[in-house]
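The values are calculated or read from the model by the stated rules, or taken from the named source; none is laboratory data. In this text, all values refer to a predicted model and were calculated from it rather than measured experimentally. Backbone-built Cβ (ideal geometry, glycine too); neighbour counts: all protein chains shown. Protein only, heavy atoms only, side chains kept; ligands, DNA and RNA dropped before computing areas. Shrake-Rupley method; radii C 1.70, N 1.55, O 1.52, S 1.80 Å.
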Amino acid sequence: MRDIQMDHNCNSPRTPSFRLRRRSNEIPAEINKSNGNFLLVDDKYKYRSMWIRACSSLWMLASVSLIIYLGHLYIWAMVVVIQIFMASELFNLLTRATQDKRLPKFKLLNWHFFFTAMLFVYGRILSQQLVNTVTSDKFLYRLVSNLIKYQMVICYFLYIAGFVWFILSLKKRYYKYQFGQYAWTHMILIVVFTQSAFTVANIFEGIFWFIFPASLIAMNDVGAYFFGFYFGRTPLIKLSPKKTWEGFIGASVATMIAAFTFAYFLGRFQWLTCPRKDLSTGWLQCDTDPIFKPEYIPLPGLISHSLPWKEIAVLPVQWHALWMGLFASIIAPFGGFFASGFKRAFKIKDFGDSIPGHGGFTDRMDCQMVMAVFVYIYHQSFVAGQDYSVEMLLDQIMRNLGSEEQLALYSKLGQMLQERRL
């Protein structure tokens, strides 16, 4: 009986075994098992990865520098391209090939929602710049004015069309997957367009307010990498195994110093500080904002005796730069920690592999998202002056004047207007 059973087991058909190929962005087993103890200083391939990372960084620096030189409109276009890459990486994160084959054109629906959101967000942000661009042509001015007037209605019905499309595309046995994709798509739109809307608003306030905070994040990232590369021994957070306290503290100090000095360097270029009021690509000239005008601070007696100069020039924006540097070095890295935890939840190393040595575009933008929102809020709260319309000013003046004084003011304004016409 035992022989028969053995013979039966030997002759029974075997289930074929499949060897799954590891994806390029999957977490390696040795890192996954370490659970936070895999330090960069102990990585035997660290010099090779540093070389790849350095080459990619130089290539990105050259490309971004060229785009910044071309001006506001090209920087906006770069942000749009980055958005598309980020959305693509995030859409693919929960995509299942087997389900998508049975749901034709379902991925196209995601992009329909994406471009509808893009039309809504940028239509609201850049409406005034668009009007200022076409004021010389009456036909275009009327066309653009009507599009802006009904922009919200157009976007709403585009969204409703996508909503109806989604309902009609529902298939039995795929309800859970389709509703999961629907919710995932909307979360992506919130994450991507929230930060990018603030980024574009910063660009048109002046390229300085885009390039400076973005540079601080890059400097902090580079500083953390090199301090951790050579001195990192104490793990910082388990969500990101290669982050160390040495890298975090060293990068924070370096970022604060760089923020104060780099703000002075960028603040000397007028074309970086001028706001763009239209969508043209011409060279900008404007009256220098007071925060970019140097103030001279006398040096203490003991220091001035040993130096050839008696005072130093400081731009007021440098004091603001210290606050942005503090945020970039202490708070913004938590955007990276959030992304690290997110990737661990999905058991992937990177969101993509578009940038060698860095991962995907989403991996590079995690801290930038947090920083862009902070800079916009900080600029509007502590830097930008409040705009008052003529109606608001007159209303405030009239409230503090008596009836006779109001008549006298109107009479004086009328005389001034007649003299100006003559």
Original post:
Which residue out of Val153, Val144, Val192, Val164 is open to solvent by less than 60 Å² (accessible area, probe 1.4 Å) and either farther than 30 Å from Ser49 by Cα or touching a His at 6+ places or on another chain (Cβ under 6 Å) (or both)?
Top reply: Val144
Subject >> Residue satisfying all of: in the range 65-78; free of Cβ contacts under 8 Å to residues at least 24 places away in the same chain and under 14 Å from the mean Cα position of the chain (by Cα); least open to solvent (accessible area, probe 1.4 Å) among these >> reply: Met78
**OP:** Report yes if some residue within the range 281-304 is aliphatic (A, V, I, L, M), touching a residue at least 12 places away in the same chain (Cβ under 8 Å) and more than 30 Å from Ile75 (Cα to Cα); otherwise report no.
**Re:** yes
**OP:** Filter the range 114-141 down to residues that are over 22 Å from Ile188 (Cβ atoms) and of a type in the set (Ser, Thr, Tyr) and give me whichever is most open to solvent (accessible area, probe 1.4 Å).
**Re:** Ser136
Subject >> Selected residue (only one of Asn202, Asn220 is within 30 Å of Ala345 (Cα to Cα) and crowded, with 19+ Cβ neighbours inside 10 Å) >> reply: Asn220
Original post:
In the range 240-264, how many residues are open to solvent by 20 Å² or more (accessible area, probe 1.4 Å), out of contact with any Leu (no Cβ under 6 Å at 6 or more places or on another chain) and hydroxyl-bearing (Ser, Thr, Tyr)?
Top reply: 1
**OP:** Answer yes or no as to whether Met365 is of a type outside the set (Gly, Ala, Ser), in contact (Cβ under 8 Å) with a residue 24 or more places away in the chain and closer than 24 Å to Val80 by Cβ.
**Re:** yes
Original post:
Just one of Ile348, Ile355, Ile312 is hydrophobic (A, V, I, L, M, F, W, C), surrounded by fewer than 21 Cβ atoms within 10 Å (Cβ to Cβ) and within 20 Å of the chain's Cα centre (by Cα); which is it?
Top reply: Ile355
**OP:** Determine which single condition Arg344 fails, assuming it passes every other condition in (1) modelled with pLDDT under 95; (2) in contact with a Gly (Cβ under 9 Å, 6 or more places away or on another chain).
**Re:** (2)
Original post:
Got a number for residues in the range 79-113 being under 17 Å from the mean Cα position of the chain (by Cα) and either closer than 19 Å to Gly123 by Cβ or open to solvent by 60 Å² or more (accessible area, probe 1.4 Å) (or both)?
Top reply: 7
**OP:** Give me a count of the residues in the range 315-326 that are over 13 Å from His379 (Cβ atoms) and either buried (at least 16 other Cβ atoms within 10 Å of the Cβ) or in contact (Cβ under 8 Å) with a residue 24 or more places away in the chain (or both).
**Re:** 6
**OP:** From the list Ala201, Ala263, Ala218, Ala254, pick out the single residue that is over 29 Å from Leu126 (Cβ atoms), at pLDDT 90 or above and hydrophobic (A, V, I, L, M, F, W, C).
**Re:** Ala254
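Counting just the residues of the range 286-309 that are of a type in the set (D, E, K, R) and out of contact with any Leu (no Cβ under 9 Å at 6 or more places or on another chain), which one comes out most open to solvent (accessible area, probe 1.4 Å)? Write out each step before concluding.
Of the residues in the range 286-309, the ones of a type in the set (D, E, K, R) are 287, 289, 293, 295.
Checking which are out of contact with any Leu (no Cβ under 9 Å at 6 or more places or on another chain) leaves us with 287, 289.
Working: Asp287: 144, Asp289: 69 Å².
Among residues in the range 286-309 that are of a type in the set (D, E, K, R) and out of contact with any Leu (no Cβ under 9 Å at 6 or more places or on another chain), the one most open to solvent (accessible area, probe 1.4 Å) is Asp287.
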